[in-house]
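Scroll down for the structure; my scribbles are underneath it.
What follows draws every value from the coordinates through simple rules; no lab data is involved. All of these numbers come straight from a predicted model, not from anything done at the bench. Using ideal geometry, Cβ is built from the backbone for each residue, glycine included, and neighbour counts are taken over all protein chains shown.
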Amino acid sequence: MFLNDSENGALCVSIHDVAPSTWAECLHLLRAVREVADIPLTWLVVPNYHASALRSRSYELMLEALLAQGHELALHGYTHRDDAPLSGRLPRRLLRTVYTEREGEFADIDSADARRRIELGLAWFAQRGWPVDGFVAPAWLLGEQAWAAVAEYRFTYTTTYTHFHVLHPARKLLAPALVYAARNRAGRALSPPLVSLAERTQRKAPLVRLALHPRDAYHPALVAHAQRLIERLLVSRQAVTKGAFARAWAGLPDLNTNSTTASTTASTTTSATASTTTSTTAGTTTGTTTSTNPSARSGPSGPGRKQPSSWDSQCAQFPLLYSAAKRNCAIGPS
């Protein structure tokens, strides 16, 4: 398999900051990836993004559909906001304010607060019957007490900017994330060549991680670079979710093959709910008319294989979400 040094390595592509308010951008990132290959992604979901009360049933239905297709949903903090008092030395304060723009929710909170936020996030997932295999702190920042709190839960893995961590039993793998700096012009100019350089240094690594963020969707050059990168990596690597990689590395069974997990319930509930609410949801505040879920994938396609029909099928299921994404993002469909 991909953990055997004599065979291909693994590629984990994740979409961060998934929430109703970022969903249009996330959809365009999904489309961009699927123009290269229909591969399983890890979606880093924030239940209460920026402490917003915004809810969207159509957003949740599509996440359920993606889960049923073999994608993974991971817990990505609770609010994605760093509201703790600033403390520590100047470099740490600059990291929390300038570099992350106060997005590192778990950077400097105590263990009790970390547990509270994790419990709220797990409860949100449980209400929807969704399994949770991994926890990834916003901005990859985990303070010492937050680390201890995360380890108390039965998450299979977490990741930092530089490492992939299996939690039980504890072990880590050097796997620096490939990520774009979309917030400013200098970052947008410098990050693609730096990502390419970092990818070349990891060619013999068992795992390469590519992290995409909603802001990337507004910059066609970044998205095009990510597409070329994915196409190149798929020549020699197998695309898997973070959870699948962690379980293979730890020798655990795949979460999606366990019939007792919530994933089976979520898949069944999604199909039943979607089919019975076609007429009733059309006039709600979510603004979408839904039918049955898209059928499950037959499996990832070969390297570089284009699949526009897969995206068209998704758009047919969620037409208003797609039109909103087309209107609001820079990488509209061709």
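Close amide H pairs (under 5 Å, H built 1.01 Å from N) link Ala10 with Leu207, Val208, Gln238, residues at least 5 positions away or on another chain. On a per residue basis, the convex hull of the C-alpha atoms belonging to the stretch 132-183 measures out at 88 Å³.
Loop only per DSSP, at most 15 neighbouring Cβ atoms within 10 Å: give me the GluC sites (Glu not before Pro) in the stretch 119-192, ordered by residue number. Write down the numbers at each step before the final one.
On the way: sites: Glu119, Glu144, Glu152; in loops: Glu152.
Sparse-neighbourhood loop GluC sites (Glu not before Pro): Glu152.
Size check on the stretch 169-244: the Cα extents along the three principal axes, sorted descending, read 41, 28, 21 Å.
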